[in-house]
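For reference, the structure discussed in these notes is given below.
The values are calculated or read from the model by the stated rules, or taken from the named source; none is laboratory data. Only a predicted model underlies this, so the values are computations on that prediction, with no experimental measurement involved. Neighbour counts are summed over all protein chains in view; Cβ atoms, including those assigned to glycine, are modelled from backbone coordinates with ideal geometry. Heavy atoms of the whole protein, side chains included, go into the accessibility calculation; ligands, DNA and RNA do not. Shrake-Rupley method; radii C 1.70, N 1.55, O 1.52, S 1.80 Å.
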Amino acid sequence: MTEPHIVCVTLLISVISGCAAHGAIVSPRSRNSIDYLAGVRGIDRCYNFSGPACENGQAAHYYSQGCTIGCPTCDHVSGRQQVDLCGLGKSATLPDYARSVNRQAAAGSDLDIYKHNPWRAPGSAPVADACGLAGGTPWGADAPEEGRYVNTSFAHHGMRGTALRELATGVRWAVGGAAEVTWQVRNNHGGGYSYRLCPAGEALTEACFQRHPLPFERTKQALVVASGQKVPIRGLFVDEGTSPPGSTWARLPLPADILGPRCACSPGLDYKPRDFACGCLAGEQRIGCTSAGNCSLGACAPCPGSKGSDCSRCGNGLALLDAEHLPVSPFPRISPYLA
C-alpha cells in the first residue's frame, strides 16, 4: 500500500456492558491479540456482528501511562496523577465542546483535572511504545488495579507491542476506498481516538504512524451490541488542535460514568488484582475514603495534582450533556450522549 493516508475508515465500536479507556482493535485483528492463540480468552469481552465469537486475547492490556501532553517521554508510573509531569507547560488544544469527562469544570482551571491528559491535545503526548506495553509498564510484575498481564509463550508483562509477531488477518484494503474497522473499549476513562497506518516496509514507530493518519467516513459510525446488532450513531469529530495538524480525532461516543476508586489505592493495604476496595495512599484520603474498603465511595470531588486525581468520579452524568444530543434506541440510559 503506497498511499495509506487516503483510505477512509468506517468505525464500529464493540460495546462492553458494564465497562468501568483501555481499548483495542477487534477487526482487523491486531498483533496485540496474539494470546488468544495460547487459550487466553474471556478476559476482555467484545462482540462481532458476524462470524465466530469475539476472542481478542489481552489486546486491551497494551497501553502507556504517565504520558502527559508536550512531554518527551512517559514515566510509566503516574497514570493516575493529572499534572504536567515534565513541567514544559504544554496547554490543551482540544476544543472545549469535545471534552468528554469532568465537563462542569471551567477549562484550564485547577478543577479541570484532565487538562494534561493525552486526549486534551490529541497526538501530542508521548507513548512508551507505538503498540503499547503489555500490562502498561516495562517491568515484569503486575501493577495495582489494571496493570496486569497473563504471561504466555507469546508475550509477557512489560513486553513491547511492536515486538510481537505479526498476525495474518486475510484483510486487504484498497487505496482510496473505505475500510470497516471495529474496536473495543474496556475501561472507559473518557477521551477519544484516531486511526493511523505504518507501511509494512517501515519500522513500527510512533513517528511512522504520525506520518499516516486516516480520515473517517463520518456518515457510517455505529455501536455493536452483544446480539451482533449494529446501531448507527452520529460521531463527534475534531480537526483542530490535533497533531499532526489537520488530522482527525473522534470523541469516544460512550459516557464515562464509573472512573474507578476516588483515591489512589495502596498495594500495601490488602490490594488484590481487579480489587478497588483497598486502602488509600497517604494524602489521598477524602470524606468517606479513609480506610481499607472505602476507597471507591464518594461523589465527584476533584483533588488537583494528587496521585489519584483522575479517580475523582467526575464523569459525564447525563445532566452535563449537551441539549442537542438526541436519543438513540436501544440505549435509553446512554443515548443522550450519542451525538
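Key figures for this structure:
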item	result
Separation of the Ser91 and Arg211 label points, Cα + 7 Å toward Cβ, nm	3.2 nm
Listed peptides 173-180, 220-227 by packing density, highest first (mean Cβ within 10 Å)	220-227, 173-180
Taking only Cα atoms of segment 132-231, radius of gyration then Dmax in Å	16.5, 44
Accessible surface of segment 108-254, 1.4 Å probe, proportion on carbon and sulfur as whole %	54 percent
Long-range amide H partners of Ala143 with built H, under 5 Å	Arg148
Under-5 Å amide H pairs with Ile233, H placed in peptide plane, nonlocal only	Gln221, Ala222, Leu223
Two-site label geometry, Ser50 and Ser153: point separation in nm, points 7 Å out along Cα→Cβ	3.3 nm
Sequence-separation-based contact order of segment 24-165, relative, with Cα cut under 8 Å and 6+ spacing, percent	25 percent
Peptides 201-208, 183-190 ordered by average Cβ neighbours within 10 Å, highest first	183-190, 201-208
Other-chain or far-sequence residues with amide H under 5 Å of Val26's (modelled H)	Thr182, Trp183, Gln184
Whole-Å semi-axes of segment 38-94's equivalent ellipsoid (Cα gyration tensor)	35, 14, 8
Protection proxy ranking of 30-41, 160-171 - average other beta-carbon atoms within 10 Å, highest first	30-41, 160-171
Rh (Kirkwood; distinct C-alpha pairs) - segment 52-131, Å	13.7 Å
